[in-house]
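Working notes, structure below.
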Amino acid sequence: MDKKQETMLRDLQAMDIFLIDLGLYLDTHPCDKEALALYKKYNEQNNKMRSQYQELYGPLTIRHADGVDYWQWVADPWPWERLGG
Amino acid sequence: MWIYERKLQYPIKIKNPDPRMAKVIITQFGGPDGELAASLRYLCQRYCMPRKEVSGILNDIGTEELAHLEMVGTLVKQLVAGVPPEELAKHGLGGYYADHGYSLFPVDGNGVPFTAAYFASKGDPVADLVEDMAAEQKARAVYENLIDLADDPDVIDPLRWLREREVVHFQRFGEALRMITE
Ligand SMILES: [Fe+2]
């Protein structure tokens with residue numbers, strides 16, 4: 001993983017845990033309007049970040065995988081194989 | 001259903017292999033308070049809850065625990081990467097190597113294999129949620145013990161992060177219990 005990929009992945013992981021955390025909070029506080037608005041706002045930002053990452057470094061989920069000569073999904077190291085996850 | 005996401009939940013970057021730490025950290029893979037037990041506990045319990053919100057928190061925390069299982073597996077894998085078998089044996093992993101090579105297998109720190117007896121699913125929401133709160137505290141305590149045993153910041157950092165998640169989960173299960181009892 002080059003420096004740029006590592007940085008982008010770190011940003012993605014940071015955004016992801018923010019959303020996971022907020023999602024868990026919303027499970028037990030489903031009427032919190034402020035949290036609902038935050039979730040919507042940051043989820044949109046997250047989707048943009050994911051698209052940018054996937055364009056450069058390949059699919060995050062199998063739904064985004066394709067390939068012409070080779071199945072892209074298995075082209076790169078798996079998260080447990082690369083330093084930095 | 002689930003869709004696999006091709007990234008770890010938090011970065012792990014072990015530069016110095018350390019079989020001594022691999023041997024103890026594996027308990028969070030397959031030990032009594034480990035991530036496999038946690039995930040199965042919540043994913044089993046979620047079928048029988050009186051409120052959708054509570055099934056939701058069990059579903060979502062159960063899912064997150066699978067991501068933690070992957071992180072702990074990655075820690076173990078990177079901690080033994082390139083370590084020769086005789087070196088593993090010196091750190092108490094000879095028996096493990098004989099049975100599993102460099103593969104991951106759910107055991108505790110003493111090599112005892114995983115058992116579903118590590119968790120309960122009672123069909124009683126109060127009993128289940130109180131168990132879940134205790135489970136999160138026990139997992140937090142194990143991470144703190146592991147941090148005490150570690151000296152490499154590359155190992156301590158993800159362990160601290162995982163410990164933090166147990167604190168959040170405990171909080172959410174407390175709220176879920178209140179939703180049911182109030
Ligand atoms: Fe947890």
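So how many residues does region B:53-70 have that are under 18 Å from residue A:21 (Cα atoms) and away from the ligand (no atom under 12 Å from the Cβ)? Step through it out loud before you land on a result.
If we filter region B:53-70 for residues that are under 18 Å from residue A:21 (Cα atoms), which is where we start, we get B:53-69.
When the remaining residues are screened for being away from the ligand (no atom under 12 Å from the Cβ), the result is B:53-56, B:59.
Result for region B:53-70: 5.
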Residue list for region B:98-118, filter: surrounded by 18 or more Cβ atoms within 10 Å (Cβ to Cβ) and of a type in the set (Ser, Thr, Tyr) = B:118
Among (1) at pLDDT below 95; (2) more than 9 Å from chain B (Cβ to nearest Cβ), the one test that residue A:38 misses | (1)
Taking only pairs six or more apart or across chains, which ones have beta-carbon atoms under 7 Å, a first residue in region B:59-86 that is within 18 Å of residue A:27 (Cβ to Cβ) and in a helix (DSSP H, G or I), and a second residue that is β-branched (Val, Ile, Thr) and within 16 Å of the ligand (Cβ to nearest atom)?
-> B:64/A:20
Does region A:23-79 hold any residues that are under 17 Å from the mean Cα position of the chain (by Cα) and among the hydroxyl-bearing types (Ser, Thr, Tyr), and which are they?
-> A:39, A:42, A:51, A:53, A:57, A:61
Per the filter on region B:124-155, residues surrounded by fewer than 17 Cβ atoms within 10 Å (Cβ to Cβ) and closer than 30 Å to residue B:15 by Cβ are B:141, B:144, B:145, B:147, B:148, B:149, B:151, B:152, B:153
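Every residue, every condition in (1) β-branched (Val, Ile, Thr); (2) at pLDDT below 95; (3) within 16 Å of the ligand (Cβ to nearest atom), yes or no:
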| site | (1), (2), (3) |
| --- | --- |
| B:107 | yes, no, no |
| B:110 | no, no, no |
| B:113 | no, no, no |
| B:119 | no, no, yes |
| B:127 | no, no, no |
| B:134 | no, no, yes |
| B:139 | no, no, yes |
| B:143 | no, no, yes |
Hey, among A:27, A:76, A:66, which residue is in contact with a helix residue (DSSP H, G or I) (Cβ under 9 Å, 6 or more places away or on another chain), of a type in the set (Asp, Glu) and under 30 Å from residue B:175 (Cα atoms)?
-> A:27
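So if I check each of B:34, B:30, which one is under 22 Å from residue B:169 (Cα atoms), away from the ligand (no atom under 13 Å from the Cβ), within 15 Å of the chain's Cα centre (by Cα) and more than 14 Å from every other protein chain (Cβ to nearest Cβ)?
B:30
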Determine the pairs where a residue that is among the hydrophobic types (A, V, I, L, M, F, W, C), located within region B:113-125, has a partner that is part of a strand (DSSP E or B) with Cβ atoms under 8 Å apart, the partner being 6 or more residues away or on another chain.
-> B:114/B:107
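The values are calculated or read from the model by the stated rules, or taken from the named source; none is laboratory data. In this text the structure is predicted, and so the values were computed from the model without any measurement. Cβ sites come from the backbone with ideal geometry, for glycine too, and all protein chains shown count toward neighbours.
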